[in-house]
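First the structure, in the form of structure tokens, and then the observations on it.
The values are calculated or read from the model by the stated rules, or taken from the named source; none is laboratory data. All values derive from a computational prediction rather than experimental measurement. Glycine gets a Cβ as well: all are built from the backbone with ideal geometry, and neighbour counts include every protein chain shown.
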Amino acid sequence: MADTRAIIAEVGVSSTPSIASAATALKANAARGSFLIQNLGTNPLFVRFGSSASTTVFNIVLKGGTGNDDGLGGSYEQSNGVVYTGIITIAGTNPRYVATEMTK
């Protein structure tokens, strides 16, 4: 039997990640317990905690890889402490990324 004393909080549902290029990476979700965004493209990916991300209005930038889907692109996650639950949008040249979240 597994030792469950180390579990901080059970997580109910995970979103199904898929390669995307849309401007909204994650919709607002008050039940979000954690999230991860990884750049799968070769160009920088600009991430904003809010709507209307652009290459001049963003919170973080994730570096591109040397080739599409090579696993070398930058990533960002929030999984401990305060986790942002609002809309997360992205911008960039030919954005290509995967985003996933887990809900409480």
From the option list N94, N80, N43, N68, single residue qualifying as outside any strand (DSSP E or B), touching a residue at least 60 places away in the same chain (Cβ under 8 Å) and of a type outside the set (V, I, T) is N94
Near pairs, Cβ below 6 angstrom, 6+ apart or cross-chain, from the range 13-33 (closer than 18 Å to G86 by Cβ) to any residue that is modelled with pLDDT under 80 and of a type in the set (A, V, I, L, M)
G33/V11
Of the conditions (1) modelled with pLDDT under 95; (2) over 11 Å from A91 (Cβ atoms), I60 satisfies every one except a single condition; which number is it?
(1)
